[in-house]
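Some notes on the structure that comes next.
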Amino acid sequence: WHCTVQVPCRQGPGLSACQNPRLFETSQEKRMGFLAGKRLLITGVLSNRSIAYGIARACHREGAELAFSYQGERFKERISEFAAEFGSSLVYDCDVTSDEQMQALFDQLGEVWPEFDGFVHSIGFAPREAIAG
């Protein structure tokens with residue numbers, strides 16, 4: 001068995017983020033997700049219970065290559081770990097209230113992806129104590 005999504009990840013039947021059996025192929029069958037070859041920027045992932053995480057999981061399951069943004073150094077490690085679950089090392093710091101940081105994010109991402117196909121905006125506000133841990 002191996003995952004039909006064409007990005008490196010630590011998936012396997014029942015092992016991690018992708019647990020949809022139709023994504024795995026045997027020598028007799030081959031399937032591709034409907035987002036295969038697409039590149040998406042995901043914002044707003046804070047936990048594995050966030051809407052953005054669920055969207056990232058579904059997009060990855062369907063074959064998308066993902067990049068992630070976070071706000072502030074305190075979230076860098078957490079978001080890097082989530083990105084790694086989806087086979088990505090594309091993680092960028094960006095405070096969306098700053099035009100300069102938004103431009104820097106797109107400039108940095110453009111060095112890796114000259115263009116991308118989608119953007120998930122799932123940034124919200126929560127009190128500090130609600131996002132601890």
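Selection within region 55-94: residues that are of a type outside the set (Ser, Thr, Tyr) and surrounded by fewer than 14 Cβ atoms within 10 Å (Cβ to Cβ). The member of this set that is nearest to residue 123 (Cα to Cα) is 72. A count restricted to region 36-54 and to residues that are buried (at least 17 other Cβ atoms within 10 Å of the Cβ) and of a type in the set (Lys, Arg) stands at 1.
List, please: which pairs have Cβ atoms under 7 Å, are six or more places apart or on different chains, and start with a residue in region 33-51 that is more than 13 Å from residue 113 (Cβ to Cβ) and of a type outside the set (Gly, Ala, Ser) and end with one that is open to solvent by less than 70 Å² (accessible area, probe 1.4 Å) and assigned to a loop (DSSP other than H, G, I, E, B)? Correct list of pairs: 34/62; 35/62; 35/63; 35/64; 43/122; 43/123; 46/131; 51/122. Annotation for region 51-63: no member residue is more than 14 Å from the chain's Cα centre (by Cα) and modelled with pLDDT under 95. Filtering region 95-121 to residues that are of a type outside the set (A, V, I, L, M, F, W, C) and surrounded by 11 or more Cβ atoms within 10 Å (Cβ to Cβ) leaves 95, 98, 101, 103, 108, 110, 117, 118, 121. Check region 82-100 and report whether any residue there is of a type in the set (Gly, Ala, Ser) and closer than 14 Å to residue 46 by Cβ. Checked against the condition, which is being of a type in the set (Gly, Ala, Ser) and closer than 14 Å to residue 46 by Cβ, region 82-100 yields at least one hit.
The values are calculated or read from the model by the stated rules, or taken from the named source; none is laboratory data. Computed from a predicted model, the values in this text were never measured in an experiment. Cβ atoms come from the backbone with ideal geometry, glycine included; neighbour counts cover every protein chain shown. Side chains included, ligands, DNA and RNA excluded: accessible areas come from the protein's heavy atoms. Shrake-Rupley method; radii C 1.70, N 1.55, O 1.52, S 1.80 Å.
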